[in-house]
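**Student:** Here's a structure for you.
The values are calculated or read from the model by the stated rules, or taken from the named source; none is laboratory data. Note that the coordinates shown come from a computational prediction; the quantities given were computed from them, not determined experimentally. Cβ: placed from backbone, ideal geometry, glycine included. Neighbour counts: every protein chain shown.
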């Protein structure tokens with residue numbers, strides 16, 4: 001479960017988030033939407049623990065992220081998957097290596113890592129591309145590699161920042177179907193998007209941010 | 001540390017080296033050159049110290065005679081020297097013999113210069129060598145002053161005298177080389193730090209992703225640390241191999257030192273080799289740690 005209490009974050013004079021209170025239950029599928037600069041990415045980064053708020057606190061399964069040690073945060077990152085808008089793939093590593101990197105940090109046996117990575121690549125439909133380098137893939141395929149890396153460790157939470165921002169409508173549908181299948185397996189999914197089409201097509205809880213403030217929640 | 005992790009770290013370190021081969025090759029070359037200078041100093045000291053120790057075990061005197069010494073006075077000096085206690089070797093070197101010895105030492109090419117002299121400026125002398133067993137029974141200073149009192153004696157030089165002079169020079173050079181060695185170590189650390197910094201910079205994107213997927217700081221740092229250790233290891237091995245090659249080359253040559261022929265060269269003892277190797281590995285590790293500590297903000 002994700003709980004945010006009176007969250008306040010600013011970058012210099014710019015207020016990114018202002019008194020945000022939110023509760024996302026386990027296994028939920030949530031869209032965070034709003035115009036550019038509304039604070040969507042900041043919200044996701046705070047939930048991920050990549051940044052700390054100036055005020056307020058964040059609980060992930062009752063763990064207070066604002067007080068957690070660095071080493072515990074590293075362990076928590078193994079349970080949270082993050083899909084970036086710009087994919088953040090390593091161009092000099094193969095598709096397989098890009099996905100397997102998320103498991104290497106756990107110190108699990110090589111065979112287990114190999115099997116798990118292959119299974120995940122099958123799930124995202126890239127089983128025949130494991131030896132290919134990311135730059136020779138299409139945008140949709142690169143996004144699927146990024147998703148595979150985020151879900152390969154079986155995260156309890158999956159955060160995605162504008163995962164379809166660079167994709168055409170067909171690929172967007174494909175990627176969203178993938179997110180829904182991940183959600184159906186019990187993962188809490190939080191997707192930041194400014195795409196109205198996406199929200200209209202998929203009837204899930206939608207949180208609206210405007211100028212850093214929570215201005216709408218279809219669940220509330 | 002789990003075996004799986006150890007394999008991963010080693011693989012990553014080797015991969016980093018492979019992907020930044022030019023940087024590592026340059027770093028390795030500079031590091032090896034610096035350590036080689038240090039090793040040459042070490043080798044030189046081991047040998048010179050050995051020679052001095054060898055010479056220090058025996059005592060010799062050169063008693064130079066005045067040119068106008070009468071045969072009677074020369075016999076007096078001769079009998080004085082022969083009556084000295086202990087096992088000794090006594091050799092009389094006439095002015096002609098001294099000139100012949102000098103010509104031999106200078107070699108055929110330079111000896112021609114001496115032919116232009118109108119008269120032989122070299123004095124006749126006695127060389128007295130006492131063997132090792134006699135050293136503790138001798139008082140070189142007392143003997144020198146007794147010899148100086150003899151009529152017809154121009155000058156006396158004892159081996160103790162110039163041995164002390166050499167020791168002072170060697171001690172000074174030793175001090176300078178410790179300073180130079182220290183500077184070289186700092187250079188090596190600087191080179192190593194920059195090599196690892198470049199590798200860190202090269203892998204910046206990967207480090208960012210590793211942090212995002214939950215890698216601990218040490219999981220990211222260990223391969224870089226290993227990189228430094230591997231470079232130190234390779235540098236140590238290369239330095240020892242090059243020193244060994246140089247030693248084999250010079251050991252087959254006839255070496256002169258202070259006019260003395262055929263000095264025996266020895267290679268670094270095992271302890272010194274281990275020390276040089278350990279310094280190399282330690283410097284590699286320190287360089288990596290500094291790069292990680294100062295520039296690796298994950």
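**Student:** Considering only the stretch B:50-68, I want to know if a residue exists there that is in a helix (DSSP H, G or I), over 20 Å from residue B:140 (Cα atoms), more than 37 Å from the chain's Cα centre (by Cα) and not assigned by TED's automatic domain parsing to the domain that holds residue B:275.
**Tutor:** Among the residues of the stretch B:50-68, not one is in a helix (DSSP H, G or I), over 20 Å from residue B:140 (Cα atoms), more than 37 Å from the chain's Cα centre (by Cα) and not assigned by TED's automatic domain parsing to the domain that holds residue B:275, which makes the answer no.
**Student:** Please specify each residue of the stretch B:163-178 satisfying the condition of being without any contact (Cβ under 8 Å) to a residue 60 or more places away in the chain and more than 15 Å from the chain's Cα centre (by Cα). Show your work before the answer.
**Tutor:** Going residue by residue through the stretch B:163-178, those that are without any contact (Cβ under 8 Å) to a residue 60 or more places away in the chain are B:164-165, B:168-169, B:171-173, B:175-176, B:178.
Scanning the stretch B:163-178 gives B:164, B:165, B:168.
**Student:** Touching a helix residue (DSSP H, G or I) at 6+ places or on another chain (Cβ under 7 Å) and surrounded by fewer than 18 Cβ atoms within 10 Å (Cβ to Cβ), is that true of residue A:79?
**Tutor:** no
**Student:** Which ones in the stretch B:207-219 are crowded, with 17+ Cβ neighbours inside 10 Å and either free of Cβ contacts under 8 Å to residues at least 12 places away in the same chain or not in a helix (DSSP H, G or I) (or both)?
**Tutor:** B:209, B:210, B:212, B:213, B:214, B:215, B:216
**Student:** May I pose another question? Of these, B:196, B:156, which one is buried (at least 20 other Cβ atoms within 10 Å of the Cβ), more than 23 Å from the chain's Cα centre (by Cα) and in a helix (DSSP H, G or I)? First the steps, then the outcome.
**Tutor:** Numbers: B:156 fails: in a helix (DSSP H, G or I).
Step by step, each of B:196, B:156 is checked, and only B:196 is buried (at least 20 other Cβ atoms within 10 Å of the Cβ), more than 23 Å from the chain's Cα centre (by Cα) and in a helix (DSSP H, G or I).
**Student:** What are the pairs with Cβ atoms under 7 angstrom where one residue, in the stretch B:25-41, is closer than 17 Å to residue B:269 by Cβ and the other, located anywhere, is part of a helix (DSSP H, G or I)? Sequence gap at least six, or different chains.
**Tutor:** Partner pairs satisfying both residue conditions: B:38/B:181; B:38/B:184; B:39/B:239; B:39/B:243; B:39/B:276; B:41/B:177; B:41/B:181.
**Student:** Among the residues of the stretch B:220-252 satisfying the criterion of being assigned to a helix (DSSP H, G or I) and free of Cβ contacts under 8 Å to residues at least 40 places away in the same chain, which is surrounded by the most Cβ atoms within 10 Å (Cβ to Cβ)?
**Tutor:** B:244
**Student:** Kindly indicate which of B:81, B:90, B:113 is assigned to a helix (DSSP H, G or I) and in contact with a strand residue (DSSP E or B) (Cβ under 9 Å, 6 or more places away or on another chain).
**Tutor:** Details: B:90 fails: assigned to a helix (DSSP H, G or I); B:113 fails: in contact with a strand residue (DSSP E or B) (Cβ under 9 Å, 6 or more places away or on another chain).
Criteria check complete, one pass: B:81.
**Student:** Next up: Select the strands (runs of 3 or more DSSP E) contained entirely in the stretch A:119-220, then report the ones holding at least 2 residues which are crowded, with 22+ Cβ neighbours inside 10 Å, more than 14 Å from every other protein chain (Cβ to nearest Cβ) and under 19 Å from the mean Cα position of the chain (by Cα).
**Tutor:** A:188-193, A:205-210
**Student:** May I pose another question? Can you find even one residue in the stretch B:27-47 that is within 14 Å of chain A (Cβ to nearest Cβ), more than 30 Å from residue B:89 (Cα to Cα) and in contact with a helix residue (DSSP H, G or I) (Cβ under 8 Å, 6 or more places away or on another chain)?
**Tutor:** Residues of the stretch B:27-47 that are within 14 Å of chain A (Cβ to nearest Cβ), as a first pass: none.
So far as the stretch B:27-47 goes, no, none of its residues is within 14 Å of chain A (Cβ to nearest Cβ), more than 30 Å from residue B:89 (Cα to Cα) and in contact with a helix residue (DSSP H, G or I) (Cβ under 8 Å, 6 or more places away or on another chain).
**Student:** If you don't mind, another one. Which of (1) surrounded by 15 or more Cβ atoms within 10 Å (Cβ to Cβ); (2) within 28 Å of residue B:246 (Cα to Cα) does residue B:99 not meet, given it meets every other one?
**Tutor:** Condition not satisfied by residue B:99: (2).
**Student:** Do we have residue B:206 as modelled with pLDDT under 80 and on the phi < 0 side of the Ramachandran plot here?
**Tutor:** no
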